[in-house]
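These notes are about the structure you will find just below.
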Amino acid sequence: MAAAKLNTLLQTKVIESQPEACYLLGKLEGILSRSIEEKTETYSFLIPLVRTLVSKIYELLFMNLHLPSLPPTNGSPSFFEDFQEYCRSDEWQVYIDKYIIPNMKQYEENLFRHDNEQMALYWKDCYEAFMVNMHKRDRERGESKLKFQEHFVEPFSRKARQENLRYNSMLKQLSSQHTATLRQWRAAQLYLFSERGPWAERKQRPIHWKLSNVENFSRMRLKLVQNYNFNSHQDASDLRDNLGVHQTQPSSESLLLEVVKQVKVSDLEDDVLELPEEDTAASSNLDEKDEESQKEKLILSEDCELITVIDVIPGRLEVTTQHIYFFDGSIEKEEGVGFDFKWHLSQIREIHLRRYNLRRSALEIFLTDQTNYFLNFNKEVRNKVYSRILSLRSPNISGTRSPQELFKASGLMQKWVNREISNFDYLIQLNTMAGRTYNDLAQ
């Protein structure tokens, strides 16, 4: 069907120029030669087209001069076989290579040059439009991302931070209430079961004492206080002597204290669970108003360790505009007897840079009540905490960067020379400036 339509087109086509005739013959000959080499059925469909084209361009291309052996196309019955054999001849191949192919290429170049230029300009315009649209899409994507962050991400993050602050403040409030209740219960227990209390036992218990942390101005600890949490470490002694651990029955007092703890905690949890959302928001607003009225803002919050003579207590130090808080974070702490502290800035007398485990990572804080605390931080955090506390400019805080500067500013040697202080006081103050401390056995 296609071959018949092409044959009809060739018969009606008016071929006026030699380059056009060479172009048609060259294109048709390329397909014809491949079909002959591959011995396909395409040759049988192309023979009518070849006969029609050759008959139309025979005189135009002077084939009678160039191709004297060309089989006649005037209805010869053997044209099919004759032309197939003639296509393999040198005469036909030379004619095609030297005359038809060069004219075909020249015709293609002249015909399609303008179209190629137009196509190149068209694709250039398409590429530029594509790049403009791509940049526009990227810009719109960036703008939409910024709008999404502005309208969704940032409000969500801000609300999440507010909710975390509210939740943490509520947890701190519950913890402080719980700790205060347990301490009040322990104080009431000591009052009722003391020697002159109404529930005093007839059988007098052994009284244990411990050295107080309070020092005098010579850094001597001269006071003994009663140890209400005495532990004989009997289990450790038994394990040391390979005697095993004896299971002892809990006393009635410990059971009663445990019951009070559980009741107090359950009451607090019930209060929190029964509080509706409006009341929670109202209470948080009241807390915020109270904080604003007190004008106490959180300045710094860092993890640290409270170093004592026999233990290292992990916790968290929070510095505000009015107080310094330490929250005991140890898992093994006894309820109500944890090392949670709260110091007003006016109570801090001195702050010294200290070493811990040969690392410059600790601070020792001296209070006006003659107590002191040894705190260990990460090495990068210590100087930041020190600078923040000094920047609060409390009238009682004094601190310097090095022991040499502290010693020079104190005038300690001149006081000792003038016999204003004793040898003991001079050596104690000198060791304190040099970094010696009672809180760390390593120094």
Query raised in the report: segment 85-105 to segment 147-165: how many Å between their Cα centroids?
Result: 80 Å
Query raised in the report: Taking the highest mean first, how do the peptides 339-345, 403-409 order by number of other beta carbon atoms within 10 angstrom per residue?
Result: 339-345, 403-409
Report summary line: Packing-ranked peptide list from 168-177, 228-237, highest mean Cβ count within 10 angstrom first, is 168-177, 228-237
Requested in this report: Taking the Cα centre of segment 298-397 as origin, work out the dipole magnitude from +1 charges on Lys and Arg Cβ and -1 charges on Asp and Glu Cβ, in debye rounded to 20.
Outcome: 680 debye
Report summary line: The pairs in LYS27/LYS124; LYS172/LYS203; LYS172/LYS408; LYS342/LYS415; LYS56/LYS124 lying past 32 Å Cα-Cα in this model are LYS172/LYS203; LYS172/LYS408; LYS342/LYS415; LYS56/LYS124
Report summary line: By the Cα gyration tensor axes a ≥ b ≥ c (a/c under 1.5 gives rounded; else a/b larger than b/c gives prolate, otherwise oblate), the shape of segment 144-236 is prolate
Query raised in the report: What's the extension gain from PHE130 to ALA188 if we count 0.36 nm per residue and subtract their Cα-Cα distance?
Result: 12.6 nm
Query raised in the report: How large is the Kirkwood hydrodynamic radius of segment 298-397, in angstrom, based on all distinct alpha carbon pairs?
Result: 13.7 Å
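None of the figures in this text is laboratory data; all of them are computed from the coordinates on show. Small disclaimer: the values here were computed from a predicted structure and weren't measured. We place every Cβ from the backbone using ideal geometry, glycine too, and count neighbours over all the protein chains shown.
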